[in-house]
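In what follows, a structure is listed as C-alpha coordinates, so that the remarks can point back to it.
The values are calculated or read from the model by the stated rules, or taken from the named source; none is laboratory data. Quick caveat, the model's predicted, so the values are computed rather than measured. Cβ placement follows ideal geometry from the backbone for every residue including glycine, while neighbour counts extend to all protein chains displayed.
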(Lines give C-alpha, C1' and ligand atoms only; values in the text may rest on other atoms or scores of the structure.)
Protein backbone atom coordinates (compact mmCIF):
# COMPACT_ATOMS: atom_id res chain seq x y z
CA UNK A 1 0.00 0.00 0.00
CA UNK A 2 2.85 2.37 0.81
CA UNK A 3 4.30 1.80 -2.65
CA UNK A 4 1.01 2.94 -4.22
CA UNK A 5 1.11 6.20 -2.27
CA UNK A 6 4.64 6.87 -3.52
CA UNK A 7 3.49 6.36 -7.11
CA UNK A 8 0.63 8.75 -6.49
CA UNK A 9 3.11 11.34 -5.25
CA UNK A 10 5.17 10.89 -8.43
CA UNK A 11 2.04 11.32 -10.50
CA UNK A 12 1.20 14.58 -8.72
CA UNK A 13 4.77 15.83 -9.23
CA UNK A 14 4.57 15.02 -12.94
CA UNK A 15 1.21 16.78 -13.20
CA UNK A 16 2.67 19.84 -11.51
CA UNK A 17 5.62 19.88 -13.91
CA UNK A 18 3.25 19.59 -16.87
CA UNK A 19 1.19 22.47 -15.50
CA UNK A 20 4.32 24.62 -15.26
CA UNK A 21 5.36 23.74 -18.82
CA UNK A 22 1.85 24.56 -20.07
CA UNK A 23 1.91 27.95 -18.34
CA UNK A 24 5.26 28.71 -19.97
CA UNK A 25 3.94 27.59 -23.36
CA UNK A 26 0.95 29.93 -23.00
CA UNK A 27 3.30 32.82 -22.28
CA UNK A 28 5.38 31.91 -25.33
CA UNK A 29 2.29 31.64 -27.53
CA UNK A 30 1.32 35.20 -26.67
CA UNK A 31 4.57 36.21 -28.39
CA UNK A 32 3.98 34.12 -31.54
CA UNK A 33 2.78 36.22 -34.47
CA UNK A 34 1.20 34.86 -37.63
CA UNK A 35 0.17 36.80 -40.70
CA UNK A 36 -2.36 36.04 -43.39
CA UNK A 37 -3.59 38.01 -46.36
CA UNK A 38 -6.38 37.92 -48.91
CA UNK A 39 -6.95 39.47 -52.29
CA UNK A 40 -3.29 39.38 -53.24
CA UNK A 41 -2.32 41.31 -50.12
CA UNK A 42 -5.15 43.83 -50.25
CA UNK A 43 -6.08 42.85 -46.68
CA UNK A 44 -3.51 41.56 -44.19
CA UNK A 45 -4.16 40.37 -40.64
CA UNK A 46 -1.58 39.77 -37.92
CA UNK A 47 -2.62 37.62 -34.98
CA UNK A 48 -0.87 36.16 -31.94
CA UNK A 49 -1.04 32.63 -30.56
CA UNK A 50 -3.80 33.69 -28.18
CA UNK A 51 -5.98 34.40 -31.24
CA UNK A 52 -5.86 38.14 -30.61
CA UNK A 53 -5.79 40.35 -33.69
CA UNK A 54 -2.72 42.54 -33.48
CA UNK A 55 -3.01 44.46 -36.71
CA UNK A 56 -5.20 44.78 -39.79
CA UNK A 57 -3.87 46.42 -42.93
CA UNK A 58 -6.19 47.38 -45.79
CA UNK A 59 -4.98 48.61 -49.17
CA UNK A 60 -6.51 52.07 -49.73
CA UNK A 61 -7.69 50.96 -53.20
CA UNK A 62 -10.12 48.55 -51.58
CA UNK A 63 -11.66 51.35 -49.54
CA UNK A 64 -11.77 53.87 -52.39
CA UNK A 65 -13.54 51.37 -54.64
CA UNK A 66 -16.56 51.56 -52.32
CA UNK A 67 -17.14 47.82 -52.68
CA UNK A 68 -18.07 47.04 -49.08
CA UNK A 69 -19.05 43.46 -49.85
CA UNK A 70 -15.64 42.72 -51.35
CA UNK A 71 -13.89 44.28 -48.34
CA UNK A 72 -16.02 42.18 -46.00
CA UNK A 73 -15.13 39.01 -47.92
CA UNK A 74 -11.42 39.87 -47.90
CA UNK A 75 -11.51 40.59 -44.17
CA UNK A 76 -13.30 37.32 -43.45
CA UNK A 77 -10.86 35.34 -45.56
CA UNK A 78 -7.74 36.95 -44.05
CA UNK A 79 -9.07 36.52 -40.50
CA UNK A 80 -9.96 32.86 -41.03
CA UNK A 81 -6.53 32.15 -42.51
CA UNK A 82 -4.82 33.90 -39.58
CA UNK A 83 -6.90 31.88 -37.11
CA UNK A 84 -5.94 28.61 -38.82
CA UNK A 85 -2.25 29.57 -38.77
CA UNK A 86 -2.42 30.57 -35.10
CA UNK A 87 -4.25 27.36 -34.18
CA UNK A 88 -1.57 25.35 -35.99
CA UNK A 89 1.16 27.16 -34.05
CA UNK A 90 -0.70 26.46 -30.79
CA UNK A 91 -1.15 22.78 -31.67
CA UNK A 92 2.54 22.40 -32.49
CA UNK A 93 3.58 24.08 -29.24
CA UNK A 94 1.17 21.99 -27.16
CA UNK A 95 2.44 18.81 -28.80
CA UNK A 96 5.98 19.75 -27.73
CA UNK A 97 4.83 20.36 -24.17
CA UNK A 98 2.62 17.31 -23.78
CA UNK A 99 4.65 14.91 -25.91
CA UNK A 100 1.59 14.23 -28.05
CA UNK A 101 -0.56 13.33 -25.04
CA UNK A 102 -4.18 14.35 -25.72
CA UNK A 103 -5.36 16.42 -22.77
CA UNK A 104 -9.02 17.54 -22.87
CA UNK A 105 -9.44 21.31 -23.02
CA UNK A 106 -5.92 22.08 -24.32
CA UNK A 107 -6.58 22.04 -28.04
CA UNK A 108 -8.25 24.81 -29.98
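Have a look at 97, 34, 56 and point out the one that is in contact with a helix residue (DSSP H, G or I) (Cβ under 6 Å, 6 or more places away or on another chain) and modelled with pLDDT of 95 or more.
34
Spot the failing condition for residue 71; the list is (1) more than 13 Å from the chain's Cα centre (by Cα); (2) surrounded by 14 or more Cβ atoms within 10 Å (Cβ to Cβ); (3) part of a strand (DSSP E or B), and only one is missed.
(3)
What is the number of the single condition among (1) within 27 Å of residue 91 (Cα to Cα); (2) outside any helix (DSSP H, G or I); (3) out of contact with any helix residue (DSSP H, G or I) (no Cβ under 9 Å at 6 or more places or on another chain) that residue 66 does not meet?
The failed condition is (1).
Do we find a residue being surrounded by 14 or more Cβ atoms within 10 Å (Cβ to Cβ) and at pLDDT below 90 anywhere in the stretch 78-92?
Yes, the stretch 78-92 contains a residue that is surrounded by 14 or more Cβ atoms within 10 Å (Cβ to Cβ) and at pLDDT below 90.
Give me the pairs, please: first residue somewhere in the stretch 41-67 and closer than 17 Å to residue 86 by Cβ, second residue anywhere and assigned to a loop (DSSP other than H, G, I, E, B), beta-carbon distance under 7 Å, and either six or more positions apart or on two chains.
48/32; 49/32
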